[in-house]
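Participant: Here it is, the structure in full.
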Amino acid sequence: MMTSASSSARRLLGIDWGTSNRRAYIVDAAGACLSTHADGEGMLVARNDFAGAFNALLAAMAVGPDVPVVASGMVGSAQGWREVPYLDIGVPLEALPEHVARVDDPRAGRRCLIVPGYAQRGEHVDVMRGEETQLLGAVALGRRDGWFVLPGTHSKWVRLENGIIRRIATFMTGELFAMLAAHGTLAPLMTNDADIDAAFVAGLDEARRGAPLSNALFGVRARVVTGAMPAAQARAFVSGLLIGTEFVAAFDLAGAGEELACIGSAALRDRYARAANHFGMTLAGLDPDRVYCAALARFIDRIPV
């Protein structure tokens, strides 16, 4: 365990190491954020030299040798620094500090501990890496039960019961949106970055009507070429359609009137809040930096050094 120094003097470096981006936090024992750093050294960039990217981060944040380091996210995937096996969803989130995996890379000069993700097996197979640490932070802040949505490249819907994951449902919303905006027949129509609320709501309504997604997406092009919808509204409409598809499925999972907790950027929380309201749900926003730092505080006294 850690040394006998007082808890108030302890520090920990936490790294949210994703596919494209990396964000790091130095926290104290209470979860107060003392310093942050963000860069584009995600897994795709660092995979040829994780140790070098790790050392560069330590130098940039002036992290001393007495500060333990915990990383979560795609750094623990098969393409990451070290593949860490998934935990079964029956393992409580608060037990995560007991299951960290050790990276002993001599090129790094010091140890890094990686947080495992979770796997849901059986009828509905699903996985997560990185979101589990944010969920631990939500639990640390007193949110132990209910549905959580963590929007992003792969949007996660997670049901917690007393701090234990009972259901994961993943939607490729962000990835599909990015692909449609960059390639294919819809790409030339999705150049307008304006947030057109009416078009977003129209996309939500189209999702509610229940047409197969591939059919509904082609319908965006049909609307534009026939003059039924201005091309300037296509981007917002597609956003509403994809997010609405999540809510149609989530409505079956959670039901009307359910309060959701959303862990995501302010822009995504706003968009999901509007969608939730449209589907008769309420949504409480949680700041991702705050929940991540709250999670890191749970590791300080419980990880090996």
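The values are calculated or read from the model by the stated rules, or taken from the named source; none is laboratory data. It should be emphasised that the depicted structure is a prediction, and the values quoted were computed from it without experimental measurement. Ideal geometry is used to build each Cβ from the backbone, glycine not excepted, and the neighbour counts take in all protein chains shown. These accessible areas exclude ligands, DNA and RNA; they are computed on the full protein's heavy atoms, side chains included. Shrake-Rupley method; radii C 1.70, N 1.55, O 1.52, S 1.80 Å.
Participant: Mind putting a number on the dipole of the chain about its Cα centre? Charges go on the C-beta only, +1 for Lys and Arg and -1 for Asp and Glu, and I need it in Debye to the nearest 20.
Facilitator: On the way: 29 positive and 32 negative charges, 40 e Å.
So the magnitude is around 200 debye.
Participant: Quick one: length gained pulling ALA60 to ALA32 fully straight, 0.36 nm per residue minus the C-alpha distance?
Facilitator: On the way: separation 28, 0.36 × 28 = 10.08 nm, distance 1.97 nm.
In short, 8.1 nm is gained.
Participant: Scan [x] 133; [y] 118; [z] 158 for the value of volume of the Cα convex hull per residue in Å³ calculated from this model and give just the label.
Facilitator: Computing volume of the Cα convex hull per residue in Å³ and matching it to [x] 133; [y] 118; [z] 158 gives [x].
Participant: Which length gain, in nm to one decimal place, applies between ARG290 and VAL127 when the Cα-Cα distance is subtracted from 0.36 nm times their residue separation? The partial results should precede the final answer.
Facilitator: Values: separation 163, 0.36 × 163 = 58.68 nm, distance 2.34 nm.
Stretched fully, the ARG290-VAL127 segment lengthens by 56.3 nm.
Participant: Please calculate how many Å² of accessible area the chain carries per residue, with a 1.4 Å probe and no DNA, RNA or ligand atoms counted. Can you show the working numbers first?
Facilitator: Working: 13280 Å² over 305 residues.
Heavy-atom accessible area per residue stands at 44 Å².
Participant: Next up: Which three extents, in angstrom, do the Cα atoms of the range 108-261 have along their principal axes, listed largest first?
Facilitator: That works out to 56, 46, 30 Å along the principal axes.
Participant: Leaving out ligands, DNA and RNA, and with a 1.4 Å probe, what % of the accessible surface on the range 43-94 is carbon or sulfur? The partial results should precede the final answer.
Facilitator: On the way: 1220 of 2280 Å².
The nonpolar share, carbon plus sulfur, comes to 53 percent.
Participant: If Lys and Arg each add +1 and Asp and Glu each add -1, what is the summed charge of the other residues whose beta carbon sits under 14 Å from the beta carbon of ASP287?
Facilitator: Numbers: positive: ARG23, ARG143, ARG269, ARG290; negative: ASP16, ASP270, ASP289.
Within the 14 Å Cβ shell, the charges total +1.
Participant: Using alpha carbon centroids, what distance separates the range 49-84 and the range 188-246, in Å?
Facilitator: Each part's Cα centre sits 40 Å from the other's.
Participant: Looking at the range 217-305, which trypsin sites (Lys or Arg not before Pro) are in a loop (DSSP not H, G, I, E or B) and have at most 15 other Cβ atoms within 10 Å? Don't skip to the answer; put the middle values down first.
Facilitator: Details: sites: ARG221, ARG223, ARG235, ARG269, ARG271, ARG274, ARG290, ARG298, ARG302; in loops: ARG302.
Those satisfying the criteria are ARG302.
Participant: Same structure again: May I have the extent of the alpha carbons of the range 165-215 along their three principal axes, as whole Å values ordered from largest to smallest?
Facilitator: In descending order, the Cα extents are 40, 23, 22 Å.
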